[in-house]
Amino acid sequence: MSFRVENRVGVKAPSDRIWDIIADLPSWGDWNPTFPQAEGIIAIGGVLTLTETIEGLGERPVRAAINDWVPYAQLIWSERRGFQFTSTRYIEIEELAPGSCIVANGEIFGGMFGEGFFNKNKRLLRRACEEMGEALRLRAEA
């Protein structure tokens, strides 16, 4: 069983502009309140080293593997967070028309302990996704 938190936001920018922001990992600190530090190589099996900051949960280091990526469309990474606890994070771009996209970002929690963590913190997690989505929108539309 898995549990998901997601935010979707309309962005008045082309998918390549949004992708360029996402793919520039070292600049995440300039715009991303949820992951203010990011480094790694975007490739299948690549490793991301991130700092996750969620108000109410604090800051934690993240070491995650990239599961999938499609330029101008999606970036998916996952981490094992402990015994019977996994999470998969994603950013997806859906271009509706030239210069107009829907961007989704979210996290899927799995495992017995993932369920407990999600249930306890879903409001904080949802807010973190909303903040990240809005920050990405503002950056892409600037």
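The values are calculated or read from the model by the stated rules, or taken from the named source; none is laboratory data. Predicted, not measured: the structure shown is a model, and the values here were computed from it. So basically every Cβ, Gly included, is an ideal-geometry build from the backbone, and we count neighbours across all protein chains shown.
In table form, for the structure just shown:
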item: Residues satisfying the stated conditions in the range 70-89, i.e. under 15 Å from Asn105 (Cβ atoms), touching a Ser or Thr at 6+ places or on another chain (Cβ under 9 Å) and in a strand (DSSP E or B); result: Ile76, Trp77, Ser78, Ser87, Thr88, Arg89
item: Residue match in the range 90-112 (condition: free of Cβ contacts under 8 Å to residues at least 24 places away in the same chain, over 18 Å from Ala135 (Cβ atoms), surrounded by 15 or more Cβ atoms within 10 Å (Cβ to Cβ) and touching a strand residue (DSSP E or B) at 6+ places or on another chain (Cβ under 6 Å)); result: no
item: Single unsatisfied condition, Arg80 versus (1) surrounded by fewer than 18 Cβ atoms within 10 Å (Cβ to Cβ); (2) out of contact with any helix residue (DSSP H, G or I) (no Cβ under 8 Å at 6 or more places or on another chain); (3) on the phi < 0 side of the Ramachandran plot; (4) modelled with pLDDT of 95 or more; result: (4)
item: Pair list, Cβ < 6 Å and 6+ apart or interchain, from the range 26-41 residues that are without any contact (Cβ under 8 Å) to a residue 60 or more places away in the chain and of a type in the set (A, V, I, L, M) to residues that are in a strand (DSSP E or B) and surrounded by 13 or more Cβ atoms within 10 Å (Cβ to Cβ); result: Ala38/Leu50
item: Strands (runs of 3 or more DSSP E) completely within the range 1-64 that count 3 or more residues being in contact with a Cys (Cβ under 8 Å, 6 or more places away or on another chain) and of a type outside the set (Phe, Trp, Tyr); result: 2-11
item: Cβ pairs under 8 Å, 6+ apart, first in the range 122-137 and of a type outside the set (Phe, Trp, Tyr), second assigned to a helix (DSSP H, G or I); result: Leu125/Phe118; Ala135/Trp31; Leu136/Ile18; Leu136/Ile21; Leu136/Ile22; Leu136/Trp31
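A quick yes/no check of all residues on (1) under 22 Å from Asn121 (Cα atoms); (2) of a type outside the set (Asp, Glu):
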position	(1), (2)
Thr53	yes, yes
Pro61	yes, yes
Pro71	no, yes
Leu75	no, yes
Glu79	yes, no
Glu95	no, no
